[in-house]
Every structure is written in structure tokens, then in C-alpha cells.
Amino acid sequence: MTDAAPPFRFSRESQIRIDRDGAFWHEGERVEHVGLATALASWIGIDPGTGRYVLRNTMDWCYITVDDAPIVVQSARLDASGRLQLNLSDGSSETLDPVTLRLGADDVPYCTVRSRTLPARFSRAAAFALLDHADLPPDGQGPATLVLPTGSFEIAPAGAPSTPPAALVTLYTRTGCHLCDDVASLLCTLRDSETFALETVDVDTDERLRERFGAEVPVVCINGRKAFKFRMTADAFRASLARAAMGSEAPTTRSDEPAA
């Protein structure tokens with residue numbers, strides 16, 4: 001995030017607006033400067049006292065109006081590990097949290113970004129890239145499914161009740177690892193009694209993952225936070241899952257390298 005001053009002063013109530021396509025407007029004029037628009041997007045947050053969207057940097061803050069979602073997913077691509085990498089309108093990139101996917105009006109895809117704190121709307125180009133990996137019901141009835149090499153994830157349909165997303169459990173593994181097989185088997189068993197989504201990532205598909213983990217696999221992350229390595233018991237996993245559900249283990253921004 002940059003804290004360079006914008007060319008206009010903030011006031012608590014502003015005439016800054018983000019339209020449906022993620023473009024910024026100030027006093028009826030569109031912000032055309034790409035660098036400024038990106039900087040403004042990087043300052044977007046939510047005021048905890050009011051629940052309203054704000055722009056905030058180290059010098060000032062103000063309330064803003066948002067027509068739809070405050071962040072736009074500008075593009076999406078499948079990376080070497082089999083996960084979707086998103087490029088966002090604030091200039092950042094992050095790994096899609098597939099559990100947060102949903103369809104809005106006109107079947108436009110949405111997800112949450114920045115550690116599940118802000119909704120993001122997929123641009124047309126990003127939506128087409130996403131739907132390249134979706135399994136759509138032939139009769140149009142029932143939810144679509146995102147099918148990735150790391151796992152399959154149901155996409156909440158338009159009009160579905162708004163509920164907190166389930167925990168995303170990521171198992172980092174490699175072929176020929178017996179401990180990895182043991183943890184994978186345990187996670188599959190636990191899915192019969194616990195609610196969570198599971199993705200499995202082979203660290204040897206990506207050089208950064210291989211360098212990061214080395215001989216550490218299996219590694220289990222919950223909502224992007226490392227919870228276990230080498231071994232895991234069912235009771236310990238249930239306890240970590242419960243802490244994640246209560247928010248005591250807050251999600252971290254997902255990346256190719258989970259938190260150490």
C-alpha cells in the first residue's frame with residue numbers, strides 16, 4: 001500500500017464512489033489516472049464501528065460509496081500448483097480462496113479477498129477464465145462446481161442464503177511420502193464428521209513450494225495459516241478447526257508460501 005497523498009483532500013463524508021466495474025469517481029468525475037486508482041483501491045477497508053466502506057491511509061480516511069463490490073478481479077490464471085491466481089484492482093495478487101466463491105445477479109462470480117475481509121467481483125475476462133474450470137449442471141439446476149487439480153469446490157448459486165464460508169484446509173504433500181498419505185487418509189475420514197473444504201497441493205509442482213517445504217511435508221494449513229507438519233491427530237485437527245471457526249486463528253492472505 002502506498003501513502004502518497006491524493007490530489008484532493010479527504011473528508012469524513014466524501015463524494016468518492018466505486019462503480020460496478022471498479023472505477024473510482026470523485027465529485028462526478030471519473031479518476032482516469034491508473035496509478036491513482038490503484039492506490040485508492042489499496043486503501044479500501046471497512047470501518048468496524050459502522051460497517052461502511054472507507055479509504056484509509058496513514059494520513060487520513062473517509063467514507064466512500066460502493067455500487068457493488070469494492071475490489072474487482074481483473075484476471076485469473078491457473079498456476080503450476082493447480083490453484084487459481086487472481087490479479088486484483090488494488091494492484092495485488094493472491095491465490096483464490098475457492099470456498100468463498102458464489103454467483104451473484106446475472107451469474108456474475110464473486111469471492112472474498114484480503115483474508116476474507118472484502119468482497120471482489122470478477123471482471124468479464126476473469127469470469128471466463130474461472131468458468132473454464134467450472135462444471136456446470138446440464139439442466140441448469142443445482143450448483144456449479146469449480147474443478148481444479150487441487151480439488152473440487154461448490155460455487156454457491158445466486159440467491160443462496162449468505163452464510164460464513166467453511167474453513168479451507170490445504171494439504172501440502174508430495175508423491176511417495178508415506179506420512180503425507182497418512183494425513184490425507186485422516187483428512188478424508190474427518191470430512192465425514194467435520195465441515196471443511198479440502199485442497200491438496202503437490203509441492204513438487206512449483207519450485208517455490210519445493211524450496212519452502214523441503215522435507216517438511218506433509219503440511220496442513222487452515223485458512224492459509226500453518227497448523228501442522230509431519231503428523232497430525234484427529235483431536236488436534238478438530239481443536240484447530242474450532243479455533244479457526246471462532247476467529248482465534250484468523251485467516252491469512254493466501255499465497256504460494258503459507259505462513260511459517
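The values are calculated or read from the model by the stated rules, or taken from the named source; none is laboratory data. Here the structure is a predicted model, which means the values were calculated and not measured. All Cβ positions, even for glycine, are placed from backbone atoms using ideal geometry, and neighbour counts span all protein chains on display.
Taking the listed residues Gln85, Gln15, the one that is in contact with a Leu (Cβ under 8 Å, 6 or more places away or on another chain), of a type outside the set (Lys, Arg) and assigned to a strand (DSSP E or B) is Gln85, with no other qualifying. Hey, could you check region 169-202 for residues that are of a type in the set (S, T, N, Q) and surrounded by fewer than 17 Cβ atoms within 10 Å (Cβ to Cβ) and say which is nearest to Arg83 (Cα to Cα)? Among those that are of a type in the set (S, T, N, Q) and surrounded by fewer than 17 Cβ atoms within 10 Å (Cβ to Cβ), it is Thr175. Taking region 189-225 as the range and being in a helix (DSSP H, G or I) and farther than 16 Å from Ala236 by Cβ as the test, the residues that pass are Val203, Asp204, Thr205, Glu207, Arg208, Leu209, Arg210, Glu211, Arg212, Phe213. Scanning region 123-137 turns up at least one residue that is more than 30 Å from Gly51 (Cα to Cα), without any contact (Cβ under 8 Å) to a residue 12 or more places away in the chain and over 22 Å from the mean Cα position of the chain (by Cα). When restricted to residues that are closer than 23 Å to Met246 by Cβ and surrounded by fewer than 17 Cβ atoms within 10 Å (Cβ to Cβ), region 138-165 contains 4. Considering region 138-172, the residues that are in contact with a strand residue (DSSP E or B) (Cβ under 6 Å, 6 or more places away or on another chain) and in a loop (DSSP other than H, G, I, E, B) include one that is nearest to Gly214 (Cα to Cα), namely Thr150. Would you say Leu186 is touching a helix residue (DSSP H, G or I) at 6+ places or on another chain (Cβ under 8 Å) and either farther than 27 Å from Asp106 by Cβ or not in a strand (DSSP E or B) (or both)? Considered against the rule, which asks whether it is touching a helix residue (DSSP H, G or I) at 6+ places or on another chain (Cβ under 8 Å) and either farther than 27 Å from Asp106 by Cβ or not in a strand (DSSP E or B) (or both), Leu186 comes out as yes.
Among the criteria (1) within 11 Å of Val66 (Cα to Cα); (2) at pLDDT 95 or above; (3) among the charged types (D, E, K, R), the one Asp21 does not fulfil is (2). Among the numbered conditions (1) at pLDDT 95 or above; (2) in contact with a helix residue (DSSP H, G or I) (Cβ under 6 Å, 6 or more places away or on another chain), the only one that Leu86 does not meet is (2). Name the residues in region 98-126 that are touching a strand residue (DSSP E or B) at 6+ places or on another chain (Cβ under 6 Å), surrounded by 19 or more Cβ atoms within 10 Å (Cβ to Cβ) and not in a strand (DSSP E or B), would you? Result: Pro98, Val99, Thr100, Leu101, Ser123, Ala126. Residue check: is Thr175 outside any helix (DSSP H, G or I), of a type in the set (Val, Ile, Thr), free of Cβ contacts under 8 Å to residues at least 40 places away in the same chain and over 18 Å from Glu216 (Cβ atoms)? When the stated conditions are applied, Thr175 does not pass them. Could you look through region 167-196, keep only residues that are under 23 Å from the mean Cα position of the chain (by Cα) and of a type in the set (D, E, K, R), and pick out the one that is nearest to Ser152 (Cα to Cα)? The residue in question is Arg191. Counting only residues that are under 27 Å from Leu103 (Cβ atoms), free of Cβ contacts under 8 Å to residues at least 60 places away in the same chain and aliphatic (A, V, I, L, M), region 23-70 holds 6 of them.
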